[in-house]
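Engineer: What follows is a single structure, and I will ask about it in a moment.
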Amino acid sequence: MELINKKGVRMDGRKPDQMRDVRIEAGVLHRADGSAYLEWGGNKVLAAVYGPREAIPRHSQDATKAVVKCRYNMAAFSVDDRKRPGPDRRSQEISKVISEAFENVILTEEFPRAQIDVNIEILEAEAGTRCAGLTAAAVALADAGIPMTGLISACAAGKAGGHVILDLGKAEDNYGEADLPVAINHQTGEVVLLQMDGDLSQKEFDQALEYAIRGCKEVHELQKAALMKRYASHNGGGEA
Ligand code: ADP
């Protein structure tokens, strides 16, 4: 399978440093304190935030700060072969790394004994769901008015068909050489998530990291636009 041709064109027609289309809408659920819906290429993601509210059971409380509980879940119908419902090792790992990313940016000390629940539901999956999920959850947290040191967004880069590329598609993820998901806090510039699967030389890693950060910035603009739109509809007296 030729993942990228001699002219540098990828299977879906993208250039090496081109992202898939991303669309974000904030405030899509009425019962949640904050929510967002995001489409990223063939990924469809819903994020819902509840809290801060008293942590239960009580032994899970931390007297000094809020506990961030992030739950990433892939719907059974989100992939071609039906996925076995419920948590598995992969979803537990993704929940953990996303929770840790948010623990770094939420001002948890402002809410002792509280918990903040971040639910990420993958409705359709087509590679890059942890980045899509984290990006949607960040918008949902901002929509909930939860104080953070900055808005975070994620994007992966990697290597497929011998080329460093931005935002791996399904075939590139399955048959490519490396995947490097990255998340950035745009106010502080900090990297809050970085994972790597596969092999990259130092030079390729530097290039992939630069691509991923550029992708994060592109997505950040869309996050801000979605929140501005939400804010305008809140304050304009129209339908939320
Ligand atoms: P990410 O979604 O963050 O890229 P992975 O690299 O683990 O995480 O997964 C890559 C892709 O593989 C997913 O986006 C999804 O399209 C597919 N996938 C993951 N788990 C399953 C599964 N249980 N069944 C079918 N496809 C899956």
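Engineer: How much length is gained on full extension from residue 82 to residue 110, taking 0.36 nm per residue of separation minus their Cα-Cα distance?
Structural biologist: 5.9 nm
Engineer: Another question, then. Give the relative contact order (percent, whole number) for the chain; include only Cα pairs under 8 Å separated by 6+ residues.
Structural biologist: Computed value for the chain: 21 percent relative contact order.
Engineer: On a 25 Å Cα-Cα criterion, which of the cross-link pairs 159/224; 96/217; 15/159; 83/224; 7/83 come out too long?
Structural biologist: 159/224; 83/224; 7/83
Engineer: List 50, 231, 175, 211 from most exposed to least, where exposure is judged by having the fewest other Cβ atoms within 10 Å.
Structural biologist: Details: 50 18, 231 14, 175 11, 211 24.
Least to most surrounded, the residues fall as 175, 231, 50, 211.
Engineer: Can you give the translational diffusion coefficient of the range 22-234 in µm²/s, computed by Stokes-Einstein from the Kirkwood radius over Cα pairs at 37 °C and 0.692 mPa s?
Structural biologist: Working: Rh = 17.4 Å.
In µm²/s, the coefficient is 189.
Engineer: Which order, highest average first, do 58-64, 151-157, 99-105, 25-31 follow once you tally other Cβ atoms within 10 Å for each residue and take the mean per peptide?
Structural biologist: Most protected by this proxy first, the peptides run 151-157, 99-105, 25-31, 58-64.
Engineer: Continuing with this model, one more query. Let me spell out the model: positive unit charges on the Cβ of Lys and Arg, negative unit charges on the Cβ of Asp and Glu, origin at the Cα centre of the chain. What dipole size does that give, in debye rounded to 20? Write out the running numbers ahead of the final one.
Structural biologist: Details: 30 positive and 36 negative charges, 67 e Å.
I would put it at about 320 debye.
Engineer: Report, please, the projected area of the range 102-168 averaged over directions, based on the convex hull of its C-alpha atoms, in nm².
Structural biologist: Directional mean of the projected Cα hull area for the range 102-168 stands at 5.6 nm².
Engineer: Dividing the Cα radius of gyration by the Kirkwood radius, what Rg/Rh value follows for the range 11-148?
Structural biologist: Using only Cα positions, Rg/Rh for the range 11-148 is 1.01.
Every number here is computed from the coordinates shown, using simple stated rules; none is lab data. In this text the structure is predicted, and so the values were computed from the model without any measurement. Positions of Cβ are backbone-derived with ideal geometry, glycine not excepted, and every protein chain shown enters the neighbour counts.
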